[in-house]
1. Name the chymotrypsin sites (Phe, Trp or Tyr not before Pro) in region B:120-155 that are in a loop by DSSP and that have at most 16 other C-beta atoms within 10 Å, would you?
2. Work out, in µm²/s and without decimals, the Stokes-Einstein translational diffusion coefficient of region B:24-92 at 10 °C, 1.306 mPa s, Rh from Kirkwood over C-alpha pairs.
3. Counting other Cβ atoms within 10 Å, keep those with at most 14, restrict to DSSP loop, and tell me which chymotrypsin sites (Phe, Trp or Tyr not before Pro) in region B:151-207 are left.
4. I want to verify a result. In a Gaussian network model of chain B, Cα cutoff 10 Å, which of these has the top mean-square fluctuation: B:Ala87, B:Ala110, B:Ala56?
5. Charges at C-beta only: +1 for Lys and Arg, -1 for Asp and Glu. How large is the resulting dipole of the protein assembly as shown about its Cα centre, in Debye rounded to 20?
6. Quick one: net charge around A:Ile74, please, counting Lys, Arg +1 and Asp, Glu -1 for every other residue with C-beta under 11 Å from its C-beta.
7. Give the Rg/Rh ratio for chain A, taking Rg as the radius of gyration of the Cα atoms and Rh as the Kirkwood radius, to two decimals.
8. Just the number: Rg to Rh for region B:60-158, Cα atoms, Kirkwood Rh, two decimals.
Amino acid sequence: MIIYGTALLAVSYLLGVFLGGLLGQILGVDANIGGVAIAMILLIVGKEMLAKKGYLPKSTQFGVLYWAGMYIPIVVAMAAGQNVVAALSGGMVAAVVSVIALTATVFVVRLLNNIGNDYDTFTWDDTEEYRDQL
Amino acid sequence: MDLIIETLTKNAFVTALAVTGLVMLFSQILSKYLTNNKLQSSAIAITLGLVAAYFAGLYTNGSKGISDIEIFSGFALLGGAMLRDLAIASTAFEVDVKEIKRAGKIGIIALILGCVIPFVVGAGVAWTLGYRDAVSMTTIGAGAMTYIVGPITGTAIGATSDVIALSIAIGLIKAVFFMIATPLLARFMYLKSPRSAMIFGGLVGTTSGVAAGLAGTDVRLVPYGALVATFYTGLGALLGPSIFFLTLNAIF
């Protein structure tokens, strides 16, 4: 049943947020520390355990995947509910932060890939690639 | 007419679902015909959302964007922290544990650097531009990671809505930049092999930017980059309100 998947997600989420809140309390910050990430880890663990025992039919999976598919629309709705007027009053901040952070990222990608040093030598093994994509 | 408005207002959450669907459709059409699929429809839709929030804010003088207009009040629930975090957690379902091992050490190094570098830059620039409190600096730094990590972090540590919106804007610029610029900068970044794509995915992190940017460079690179980038949001959401915030909180 589809609700089993959604319930698995919901329980992981609740546990994650609870543990995140607990972690915040222990560390003495009034914040949820990594609750969502803990929920993600719990969901992966739960999924692996159920899959191993064969308790994960398509319909159950779909109960989780539906929410994964709703991710971008929900982010769109979130964007529409923000205080953009106030944000744009500090518009320069967004531009300056972005430009500097982007430039730094691009240069570090170049640096790490240069250390990897396979740009000139690497060629795709096409037959293997086809298998990977199937 | 009144009855239509009454129906839409009384069922505000369902209205929000319908409107969001229309926005996604509209964005897909814009992406296809205006940008030849170069700009991902999700980036266009998010931009449209921010634009709508801007005009709604001018119109209502409120702080909750479009959801301050009664007929669109359902957006407060649909785009609220609860459903958003649930949807983000659900994306982990598609992660394959075996694939984590394939990404290997270099992926982990890239991931950690990918979180630390934009955060330090973002928080540093925020400080120089006058955002001197730890909460705002952390939120802006988290926004320089992704437009998801920014609001998650901001909500968790109690940032104001305008700082959260700012962090979304910063994250969005990042996503759009890498969608457009990755193919152009591929040679400069030595982006060609699966390994280089994993490094790229870890450092850039923003899933939509990585997937669309790599698709424009070489479709075969997409799964490798997305594989590492999938962990970025989770790691960012873990580090942002915890280690990063606590560090800044101790200093400032």
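Coordinate-derived values only; no laboratory data. Just so you know, these numbers come straight off a predicted model, no measurement behind them. Cβ placement follows ideal geometry from the backbone for every residue including glycine, while neighbour counts extend to all protein chains displayed.
1. Numbers: sites: B:Trp127, B:Tyr131, B:Tyr147; in loops: B:Tyr131, B:Tyr147.
Sites meeting the loop and neighbour criteria: none at all.
2. On the way: Rh = 13.4 Å.
It diffuses with D of about 119 µm²/s by this estimate.
3. Values: sites: B:Phe177, B:Phe178, B:Phe188, B:Tyr190, B:Phe200; in loops: B:Phe188, B:Tyr190.
Here the chymotrypsin sites (Phe, Trp or Tyr not before Pro) that fit, given the DSSP loop and packing criteria, are B:Phe188.
4. B:Ala87
5. On the way: 21 positive and 20 negative charges, 101 e Å.
The dipole magnitude comes to about 480 debye.
6. Details: positive: B:Arg84; negative: B:Asp85.
Result for the local shell: 0.
7. Working: Rg = 21.5 Å, Rh = 19.6 Å.
Radius of gyration relative to Kirkwood radius: 1.10.
8. Numbers: Rg = 17.2 Å, Rh = 15.9 Å.
Rg/Rh for region B:60-158 comes to 1.08.
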